[in-house]
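Chemist: Below: one structure in structure tokens.
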């Protein structure tokens with residue numbers, strides 16, 4: 001139990017979100033990757049004593065959704081409803097611990113969108129006009145003539161108007177629209193980036209955002225009249241909200257914005273601002289439009305936006321990463337990875353072997369290598385060998401240890417010194433590779449300790465019973481600590497390890513530093529050997 005909980009003080013709030021995903025198709029590897037990134041942060045923050053709100057959900061409005069529904073001869077709502085289980089079921093299977101799952105077709109979202117639109121209008125940042133320009137339906141994005149011509153030049157497609165992001169044909173849109181005065185927020189946004197250089201992470205994405213804003217901002221069309229699948233504006237019901245202006249507001253909706261009453265207001269005040277985790281392809285919406293919207297409404301900007309890269313497929317012949325696509329036949333589905341690695345192996349691989357702020361090439365061969373090296377040979381082997389020896393040498397129990405055993409120096413104890421602080425420093429900035437690397441250092445130290453101390457030899461000499469107890473106790477304590485640090489990534493494995501050590505109470509801690517303090521091992525309790533946690537692949 002954390003000191004804050006023990007003293008009756010309220011835990012500090014931590015609010016983390018994924019993007020809300022389009023319902024134009026079932027969840028893919030990229031959406032699962034982003035969701036697990038957020039889940040690991042949420043679980044880590046809970047272990048650090050925070051009262052966590054973790055939000056994910058679905059973006060169900062917009063022209064793209066309406067078109068997909070028509071292609072399947074369904075109403076937009078029926079189409080959205082049909083795809084919700086695919087997301088909910090996969091997140092449940094992947095052990096995603098979200099506290100809320102929002103859909104933009106919910107009444108609470110309508111109320112929030114209409115309230116924020118009204119506030120922004122009342123504050124003088126909306127005006128009515130006419131839009132005549134280019135629109136990409138798949139990206140739900142407007143583009144200027146300059147951007148379109150640039151795309152034409154890049155692709156050598158004279159006479160065609162292509163999206164500069166996805167390369168697909170653009171539509172010419174001419175309709176009445178309400179416009180958001182985005183241009184008035186150029187300098188406030190640049191000041192935000194200067195005063196808070198970590199608002200956009202990693203740095204390469206921050207530089208991209210700053211360069212974009214420095215290039216000048218144009219007012220943004222934020223309503224549509226050519227279709228009606230969206231939230232009607234409270235002051236002009238013939239217009240529906242531009243899908244991004246609708247979607248971004250979900251982060252406020254989920255904590256009570258738009259609801260009446262003091263309780264909702266208190267929840268918004270307590271939870272906001274949020275930490276957003278998004279893909280690099282939508283950072284302009286989250287790092288430019290969204291903070292400008294909030295400034296216009298008089299609401300605090302988010303804590304920050306962490307942008308992850310794309311998952312690429314490694315070409316085994318060239319060693320280079322290639323973009324996944326169905327047309328190339330190289331797309332990898334989540335189910336394929338789950339069938340190979342299992343749920344915990346899946347979560348571990350993407351958190352350990354992918355550089356989260358960059359594009360990363362993945363392959364089944366590399367997945368198998370990381371799984372076998374880190375999980376089967378190192379972590380799983382340590383747990384199996386140690387529990388087997390504890391059961392064999394101490395009548396199926398953990399050893400009884402003399403007073404002061406925890407202060408005795410060893411290579412394992414040295415590796416554990418300060419590990420929680422080093423781990424937390426990495427995890428807080430989404431350096432999961434580095435955080436897991438710290439845990440693996442402890443695991444490696446423990447495995448080397450087995451070879452150096454040779455407990456099987458100590459067990460042959462009754463005079464060395466105390467030394468044997470110290471060796472096994474040290475190894476068990478290393479396992480207990482490592483399980484805490486692995487828990488945000490592999491929660492079920494850690495729970496199973498503690499169950500085998502009769503230490504189920506270790507699960508779900510809210511004071512990680514105290515939990516990782518050396519010397520808390522339960523002594524003289526039953527141990528269970530069990531099956532291998534991670535059977536080797538390829539055998």
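Chemist: Order the peptides 384-392, 257-265, 303-311 from the highest to the lowest mean number of other Cβ atoms within 10 Å of their residues.
Modeler: Going by the mean number of other Cβ atoms within 10 Å, highest first, we get 303-311, 384-392, 257-265.
Chemist: If you stretched the chain out fully between residue 433 and residue 123, how much longer would it get, using 0.36 nm times the residue separation minus the C-alpha to C-alpha distance?
Modeler: Taking 0.36 nm per residue and subtracting the Cα distance, the gain is 107.1 nm.
Chemist: For the chain, what relative contact order do you get, as a whole percent, if you take Cα pairs closer than 8 Å and at least 6 residues apart?
Modeler: Relative contact order comes out at 15 percent.
Chemist: Between the stretch 483-526 and the stretch 236-262, how far is it from one alpha carbon centroid to the other, in angstrom?
Modeler: Each part's Cα centre sits 41 Å from the other's.
Chemist: Additional query: Can you figure out the FRET efficiency of residue 268 with residue 400, using R₀ = 45 Å and their beta-carbon distance, to the nearest 0.05?
Modeler: Step by step, r from the Cβ atoms, then E = 0.25.
Chemist: In degrees from 0 to 90, rounded to the nearest 10, what is the angle of the helix 381-393 Cα long axis to the longest principal axis of the chain?
Modeler: In the chain, helix 381-393 runs at an angle near 30 degrees to the longest axis.
Chemist: For the stretch 170-271, what does the alpha-carbon gyration tensor say about shape, rounded, prolate or oblate, given a ≥ b ≥ c as the root eigenvalues, a/c under 1.5 as rounded, and a/b over b/c as prolate?
Modeler: Oblate.
Chemist: Quick one: compute the contact order of the stretch 55-106, relative version, from alpha carbon pairs under 8 angstrom and 6+ residues apart, as a percent.
Modeler: After rounding, I find 64 percent.
Chemist: Sorted by mean Cβ packing within 10 Å, highest first, what order do the peptides 240-250, 282-292 take?
Modeler: So the order, starting with the most tightly packed, is 240-250, 282-292.
Chemist: A further question follows. So, R0 is 25 Å and r is the distance between the beta-carbons of residue 377 and residue 417; what FRET efficiency does that work out to, to 0.05?
Modeler: E between residue 377 and residue 417, to the nearest 0.05, is 0.50.
Chemist: Would the stretch 430-534 count as rounded, prolate or oblate if I go by the C-alpha gyration tensor, calling it rounded below 1.5 in a/c and otherwise prolate when a/b exceeds b/c, oblate otherwise?
Modeler: prolate
Chemist: Compute the helix-to-body angle for 432-453: its Cα long axis versus the longest principal axis of the chain, expressed 0 to 90° and rounded to tens.
Modeler: So the helix axis and the longest Cα principal axis differ by about 10 degrees.
Chemist: Determine the gain in length on full extension of the stretch residue 183-residue 336; use 0.36 nm per residue of separation and subtract their C-alpha separation, reporting nm with one decimal.
Modeler: 50.5 nm
Chemist: Could you tell me whether the chain comes out rounded, prolate or oblate from its Cα gyration tensor? Rule is a ≥ b ≥ c as square roots of the eigenvalues, rounded for a/c under 1.5, then prolate if a/b exceeds b/c, otherwise oblate.
Modeler: Because a/c hits 1.5 or more and a/b exceeds b/c, the chain counts as prolate.
Chemist: Taking the highest mean first, how do the peptides 372-378, 486-492 order by number of other beta carbon atoms within 10 angstrom per residue?
Modeler: Ranked by mean Cβ neighbours within 10 Å, highest first: 486-492, 372-378.
Chemist: Against the longest alpha carbon principal axis of the chain, how many degrees, from 0 to 90 and to the nearest 10, is the axis of helix 29-47 turned?
Modeler: Relative to the chain, helix 29-47 is tipped by roughly 60 degrees.
Chemist: Let me ask another. Under 8 Å for C-alpha pairs, at least 6 residues apart: give me the relative contact order for the stretch 404-479, rounded to a whole percent. The partial results should precede the final answer.
Modeler: Numbers: 50 pairs, mean separation 25.8, N = 76.
Computed value for the stretch 404-479: 34 percent relative contact order.
Chemist: On to the next question. Taking R0 as 35 Å, what's the FRET efficiency between residue 208 and residue 369 from their Cβ-Cβ distance, rounded to 0.05?
Modeler: After rounding to 0.05, the efficiency reads 0.60.
Quick note: the coordinates plus some simple rules give every number you see, no bench work behind them. Remember, predicted model here, so these are calculated numbers, not experimental data. Positions of Cβ are backbone-derived with ideal geometry, glycine not excepted, and every protein chain shown enters the neighbour counts.
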